[in-house]
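Peer 1: My questions will all concern the structure given below.
The values are calculated or read from the model by the stated rules, or taken from the named source; none is laboratory data. Just so you know, these numbers come straight off a predicted model, no measurement behind them. With ideal geometry, Cβ positions are generated from the backbone for all residues, glycine too; neighbour counts draw on all protein chains shown.
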Amino acid sequence: MTAIETTGSGLSAIEHDAQLRRAVVAGTVGTIIEAYDFLLYVQVAPLVFAALFFPGSDPLVGTLEAFGIYAVGFVSRPVGAAVFGHYGDRIGRKVTLIATLLLTGLSTFAVGFVPGYATVGVWGAVILIVLRFIQGMGIGGEWGGATLIAMEWAKTNKHRGFITSWPQWGGPAGLFFANMAVLAFSWVSGDQFMNWGWRVPFWLSIVMVAVGIYIRLGIMETPVFRRVLEEERVARAPVIEVIKRQPGKIVLTALCRMAEQAPFYVFAGFIFTYGTTVLHTSRNLLLIALLIATGLSAVTIPLAGHISDLIGRKRMYLIGAVTMGLFSFVYFALLNTAVPAMIFIAIILSFIPHDMMYGPQAALIAECFSPRLRYSGASLGYHLASVVAGGPAPIIATALLAATHSGYSVALYISACAIVSIITTSMLPDYTGKDIAQEDAYDGQADHTVDSPLVHGSSL
């Protein structure tokens, strides 16, 4: 089939290819900006916020309190997923994506102006909580749109894993730029960094937002959503309908992320607490190692997405979950040597098992939901994981360290997350290579969340 026949875009093959490239760039750039905005907090929290907003607390307790505010952004993600999922399925992917980018970017910019405890007392932390909630709402609506704007412009069913892996790469890329921003201002002396140096990376986000808005204004609505409009199949209350029609898939897509999301925030955020308080290593060593690890993700995430197109989405994801469960113990064994070279290697390697899941994850989740409910369903599943996985992860890891004084207790926690992901992923259907543009492919189906073992790529 031609591009026009497959998607109903009404464009020539060349024009369709151009829109696909723009959509992938728009989705990727947007997720880079959103990830930068959100992950900048996790870089600054253990370095600055514990002392700035909770000066009377023990350092480890202050870190827990700072990560508590950090978790607020995860609690609000499902709220944003519901709100923006509703509009994404009713008025379109493009307009909704612009709104989410503005919401997250402006709230991040405002974080740079929040006064500390010495100036306004506890109100500084209160303001930060409000901004984190708003920021999380924007993130909650961003991922679904960024994934769909790329996936729904795909010309065939054979490369969705690879295409959607690029917006996924925006996550580690955003962490890369957040690390770069913090590292760039780490030359500022301690007092100056605490007073104003940490604020500059937050202020810089406004420039990135302007670039992202410019790029997103240049893309067209996806052919899949336009078909939903033309066929007058827009759901009146898509969030409610997807919860009624496909509740099992929402729950399973949320829990399948346990092995990916919880370890990521341990590897990206908790490592600063563990590295500086237990290993007594330098902040800059940790930052540089993370920079290299996130740079490596530019290869491993698209590669994992591509492999999932060949062997099946579920099979690739399950391989990654098993690898993560085993690697967690290797990770802490390398860190506990306290040898800078071994710490460096541990951090660089840590993103590989994560990327093995993160690459095919967008397609795995989004393919589970019908076109007219896809923004809502995929967003809810993806971001409900934030409540049980991403948000609590640094808090749980820090609490386990405080209670046991051993990194291996955190490794056990990561392994438990991996087991949850293995079980729930095994119960999801696999739509690798199937046509997901047609509403009829989903109509009349019960919520069969357990796939047949004969389905391509459904088992190891």
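Peer 1: Could you list, ordered by first residue, the pairs with Cβ atoms under 6 Å in which the first is in segment 347-367 and closer than 15 Å to Ser421 by Cα and the second is part of a helix (DSSP H, G or I) and basic (Lys, Arg), at least 6 apart or interchain?
Peer 2: Short answer, once both residue conditions are applied: Pro360/Arg313; Leu364/Arg313.
Peer 1: Would you check if Val79 is modelled with pLDDT of 90 or more and within 16 Å of the chain's Cα centre (by Cα)?
Peer 2: In short, yes.
Peer 1: Could we say that Leu183 is under 19 Å from Ile288 (Cα atoms) and touching a residue at least 40 places away in the same chain (Cβ under 8 Å) here?
Peer 2: When the stated conditions are applied, Leu183 passes them.
Peer 1: Which of the residues spanning segment 288-306 are surrounded by fewer than 21 Cβ atoms within 10 Å (Cβ to Cβ) and closer than 19 Å to Tyr41 by Cα?
Peer 2: Passing the criteria: Ile288, Leu291.
Peer 1: Something else: Among the residues of segment 203-229, what is the count of those that are among the basic types (Lys, Arg) and either farther than 11 Å from Arg93 by Cβ or at pLDDT below 90 (or both)?
Peer 2: So the count comes out to 2.
Peer 1: Moving on. So, in segment 113-143, exactly how many residues are of a type in the set (Phe, Trp, Tyr), touching a residue at least 60 places away in the same chain (Cβ under 8 Å) and surrounded by fewer than 14 Cβ atoms within 10 Å (Cβ to Cβ)?
Peer 2: Total meeting the criteria: 1.
Peer 1: Name the one entry in Leu229, Leu285 that is farther than 27 Å from Phe84 by Cα and surrounded by fewer than 22 Cβ atoms within 10 Å (Cβ to Cβ).
Peer 2: Among Leu229, Leu285, only Leu285 is farther than 27 Å from Phe84 by Cα and surrounded by fewer than 22 Cβ atoms within 10 Å (Cβ to Cβ).
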